[in-house]
Amino acid sequence: MSDFFLSVILGIVEGLTEFLPVSSTAHLRITEALLHINLADGYWKMYSIVIQLGAILCLPIYFRERMATLLATFPRGERGERTLLTHPLSLVAVAFIVTAIPAFLLRKIIGKHLESLHIMGAALVIGAVVMWIVDARNARSESAGPGAPDSRIHTWHMEDMSLPQAVWIGACQILSAVFPGTSRSMSTIAAGQLAGMSRSSALEFSFFLSIPTMVVATCYDLLKSLRGKGVENPIGVSQIDAHGWVILAIGFVVSFVVAYGTVAWFMAYVRRRGFAPFAIYRLIVGCAVLFWAAKLAG
């Protein structure tokens, strides 16, 4: 298989799975094994970081008008009832801080778990069950809409979120940092729904929270690998030839385009049908990964 075609495949996998609640880390590891490449190698390590940056870039572009409105109305909000601490952008920052500090302190545990197929498979299965139960629990309230009696949902728009909800979502996102396969979007969406948020508001907050989370995590990995201190197979940028830069560019562009389309489709799909299909998919993939891990161990 040519490097160009390989780059397209990896870019598609990253773009499709980064924002869906199915775990991009697990899918990249599975793709790595199926295509017989080593993403721990210095060049491919940089490649995986670059295509993730491509996926991240689609969010501020897709939500550019929404972000402009939030910035223009800071800190009072669109209805003039928010404060410096409860504005949606402030709540994103709070959730990020709640996630970032423990994730940084637990980075050695995170590194140990990254290669474990057993943990990825188990996280995929457990996450599928949790997501399915939580979404089914709120399905009737979603169908009834705002104002229905005895509704489990009391936050239909991201502008109506509370500080405790943001702290709770940030705390739940730590699981995705410690246990690859959990999925950052799955943990934040399910956490939001458990806290009384609608599918669309939980999903939108998940997207906004992923911007600082992914930018900081990705840039930290890139800086650490470029410096090479305490890192196996550090990235040697000076050793990349013209062919290598073309492969990086292809992966970046493909990841961006696919991620942009995925975000647009996902926003529309979830409002109508919920997360059950993704839970089923996670369950199937998780069981396959656990079977594969058991076969390798045996």
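The values are calculated or read from the model by the stated rules, or taken from the named source; none is laboratory data. Remember, it's a predicted structure, so these values are computed and weren't measured experimentally. We place every Cβ from the backbone using ideal geometry, glycine too, and count neighbours over all the protein chains shown. Each accessible area value is taken on the protein alone, full model and side chains, heavy atoms only, with ligands, DNA and RNA left out. Shrake-Rupley method; radii C 1.70, N 1.55, O 1.52, S 1.80 Å.
A Cβ distance below 9 Å, combined with a sequence gap of six or more or placement on separate chains, defines the contacts here; from the range 93-110, residues that are of a type in the set (A, V, I, L, M, F, W, C) and open to solvent by less than 70 Å² (accessible area, probe 1.4 Å) reach residues that are modelled with pLDDT under 95 and not in a helix (DSSP H, G or I) in the pairs 94/85; 110/179; 110/180.
Residue 18 satisfies every condition listed in (1) touching a residue at least 12 places away in the same chain (Cβ under 8 Å); (2) surrounded by fewer than 20 Cβ atoms within 10 Å (Cβ to Cβ) except (2). Scanning the range 51-81 for residues that are open to solvent by 30 Å² or more (accessible area, probe 1.4 Å) and within 22 Å of residue 256 (Cα to Cα) turns up 52, 53, 57, 60, 61, 62, 64, 65, 66, 67, 68. Pairs linking a residue in the range 146-165 that is under 12 Å from residue 193 (Cα atoms) to a residue that is in a loop (DSSP other than H, G, I, E, B), with Cβ atoms under 6 Å and 6 or more positions apart or on different chains, are 153/196; 153/198; 154/196; 155/161; 155/196; 156/146; 156/198; 165/195.
Of all residues in the range 270-297, those satisfying the criterion of being crowded, with 17+ Cβ neighbours inside 10 Å and in a helix (DSSP H, G or I) are 270, 278, 279, 282, 283, 285, 286, 289, 290, 293. Only one of the listed residues (40, 33) is in a loop (DSSP other than H, G, I, E, B) and farther than 15 Å from residue 180 by Cα. That residue is 40. Close Cβ contacts (under 8 Å, 6 or more residues apart or on different chains) running from residues in the range 68-84 that are touching a residue at least 40 places away in the same chain (Cβ under 8 Å) to residues that are among the basic types (Lys, Arg) and open to solvent by 100 Å² or more (accessible area, probe 1.4 Å) comprise 82/76. Got at least one residue in the range 190-201 being surrounded by fewer than 21 Cβ atoms within 10 Å (Cβ to Cβ) and in a helix (DSSP H, G or I)? Within the range 190-201, one or more residues are surrounded by fewer than 21 Cβ atoms within 10 Å (Cβ to Cβ) and in a helix (DSSP H, G or I). Taken as a whole, the condition of being in a helix (DSSP H, G or I), among the aliphatic types (A, V, I, L, M), within 24 Å of residue 93 (Cα to Cα) and modelled with pLDDT of 90 or more applies to residue 171.
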